[in-house]
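Please read the structure below before turning to the comments.
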Amino acid sequence: MKKNEKLNTWLWKWHFIAGLISLPFLLILSITGAIYLFKADYEKPRQQNIKEVIVSGTPISLEKQKEIANQSAIKKPNAMLISTASNHATEFISGRFSEKSSLYVDPYTGKVSGEIIGRETDMFKVRKLHGELLMGKFGTKIIELIASWMVVLILTGVYIWWPGRGWKLKGFFIPRIREGKRTFFRDLHAITGIWISGLLLLILAGGFPWTDVFGSNFKQIQKITNTGFPATWDGRHLESQPGDKALTLDHMANIAKALHLPGKVTLQFPKGPKDVFSVSNLNPSDLNSQKKIHFDQYSGAQIFSNDWKDVGVLMRARMWVMAFHQGEFGVWNWWLMLLTALLLTLMSVSALASYILRKRKGSWGTPKVPAAFTVGYGILAIIGILALVFPLFGLSILVLIVLEYL
């Protein structure tokens with residue numbers, strides 16, 4: 001591919017400006033992302049005394065444990081996790097997502113072993129720093145804007161890196177170590193970036209569904225195209241046939257266990273006399289195995305069942321990239337995310353080092369674009385498409401155009 005040198009300089013200018021502005025945020029994202037990967041390892045020893053109990057005698061009924069949980073929890077539980085080991089405390093769950101809290105009851109003594117409130121944990125704070133800079137909705141929009149520009153940085157970076165005068169091993173795939181510090185750090189930045197560019201785009205795809213503007217638009221498209229969760233997934237429109245007496249929690253838990261669903265199995269309680277029990281499993285390493293099954297709370301009969309294939313294509317794609325983003329597909333995925341986070345940090349630091357070494361005193365060192373250069377329609381079309389897909393990026397472009405004009 002023959003390069004347009006004037007276009008290359010123009011793209012290099014905006015790559016330079018966007019990179020300089022984004023740099024501190026990229027370091028925060030890469031470092032907090034790497035830390036959050038250790039969530040399970042960090043929390044396990046700190047929560048072990050709450051989640052694990054001493055096996056002694058016969059467990060008390062789940063119905064009785066639920067009564068204890070109702071009396072002790074900050075918010076009345078709406079679900080429980082089906083226990084898989086005799087030395088595990090029974091987990092009763094309240095709320096969802098950032099409002100989720102779990103109260104643990106010792107099944108042998110009936111005592112509450114502890115309560116874990118999600119938003120009060122250290123890793124929740126790390127996640128909030130990663131996703132919104134601890135600044136709420138405003139911070140979320142900053143992260144979304146930076147993520148949008150990261151897509152531009154990757155695309156422009158690939159073009160700038162692409163050899164215009166033939167392929168060479170050194171400088172394009174291996175850093176040149178004998179041509180001075182500036183050249184070394186420039187190569188280190190460019191080569192690291194090109195190796196992880198595809199991965200970064202995939203990771204960004206997994207992060208965008210959590211954003212405010214893009215995330216809301218994506219959900220709206222899912223709704224319009226009917227490619228999200230089916231209406232029967234949450235069971236709101238399903239009803240139990242009223243009977244003399246509702247099933248005990250123990251009976252329903254046995255029905256859930258008999259399904260032999262892989263991963264973490266949750267039993268959701270009926271909210272009222274006409275509502276249903278719902279059983280679902282969370283198994284990110286194999287999304288195809290996930291199900292949501294609804295049962296009559298009086299007879300225990302299965303009313304409706306949804307498999308993963310019933311979920312719309314956009315939702316399945318969204319859940320896949322989100323699971324990949326969090327390294328949930330197994331050990332290989334976890335190590336790949338950690339390596340990418342470390343390389344992104346290295347790429348950012350080497351870019352800063354290269355900039356400091358090339359910057360002249362009293363100047364920002366911004367690349368100069370020939371005055372005669374005009375942007376082609378193809379580039380304008382790409383910018384337009386990116387502006388439509390990432391509205392905050394589009395808004396920032398308008399601001400830049402005004403500043404450039406002034």
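The values are calculated or read from the model by the stated rules, or taken from the named source; none is laboratory data. The structure displayed is predicted, hence computed values, not measured ones. Positions of Cβ are generated from backbone atoms using ideal geometry, with glycine treated the same way; all protein chains shown enter the neighbour counts. Accessible surface is based on the protein model in full, side chains and every heavy atom, while ligands, DNA and RNA are left aside. Shrake-Rupley method; radii C 1.70, N 1.55, O 1.52, S 1.80 Å.
Neighbours of GLN297 by Cβ distance under 15 Å: Lys/Arg scored +1, Asp/Glu scored -1, total -1. A Cα-only calculation for the stretch 266-335 places Rg and Dmax at 15.0, 47 Å.
What are the lysines whose alpha-carbon lies under 22 Å from the alpha-carbon of LYS137, with same-chain residues fewer than 8 places away excluded? By straight Cα distance, LYS137 reaches LYS100, LYS125, LYS128, LYS219. Take every Cα pair under 8 Å whose residues are at least 6 apart in sequence, average their separation, divide by the length of the chain, and the relative contact order is 19 percent.
Hydrophobic, long helices, defined as DSSP H runs whose alpha-carbon span along the helix axis is 27 Å or greater and whose mean Kyte-Doolittle value is at least 0.5, occur in the chain at 5-36, 136-161, 181-207, 331-358. The H on the amide N of GLY114, modeled in the peptide plane, is under 5 Å from the matching H of TYR104, each at least 5 residues off or on a different chain. Applying a DSSP loop filter and a limit of 15 other Cβ atoms within 10 Å to the trypsin sites (Lys or Arg not before Pro) in the stretch 180-245 leaves ARG236, LYS245. Global size of the stretch 331-374: 17.2, 53 Å for Rg and Dmax (C-alpha atoms, Rg to one decimal, Dmax whole).
For the set LEU204, LEU406, the ranking by accessible area, highest first and with no ligand, DNA or RNA atoms included, is LEU406, LEU204 under a 1.4 Å probe. Here the Gaussian network model covers the chain, with springs between Cα atoms less than 10 Å apart; of GLY376, GLY327, GLY228, GLY376 fluctuates the most. Loop-resident chymotrypsin sites (Phe, Trp or Tyr not before Pro) (DSSP state other than H, G, I, E or B) in the stretch 263-369 with no more than 11 further Cβ atoms inside 10 Å of their Cβ: TRP364. Computed over the chain, the per-residue total of -39500 (n - 2.57) for DSSP H runs of n ≥ 4 gives a 222 nm mean residue ellipticity of -17500 deg cm²/dmol, rounded to 500.
Peptide packing for 156-163, 104-111 was compared via the average number of neighbouring C-beta atoms within 10 Å per residue; ordered from the highest value, the list is 104-111, 156-163. Under a Gaussian network description of the chain, with springs only between Cα atoms under 10 Å, the residue in MET135, MET337, MET150 that fluctuates furthest is MET135.
When the alpha carbon coordinates of the stretch 87-210 are projected onto the principal axes, the ranges are 74, 34, 23 Å, largest first. Starting from the Cα gyration tensor of the chain, take the square roots of the eigenvalues, sort them a ≥ b ≥ c, and report rounded, prolate or oblate (rounded when a/c is under 1.5, otherwise prolate if a/b is larger than b/c, else oblate). Judged from the Cα gyration tensor, the chain comes out prolate (a/c at least 1.5, a/b above b/c). Largest GNM mean-square fluctuation across PRO175, PRO209, PRO59, computed for the chain with C-alpha springs under 10 Å, falls on PRO59.
Computing Rg and the Kirkwood Rh from the Cα coordinates of the stretch 1-147 gives a ratio, Rg/Rh, of 1.24.
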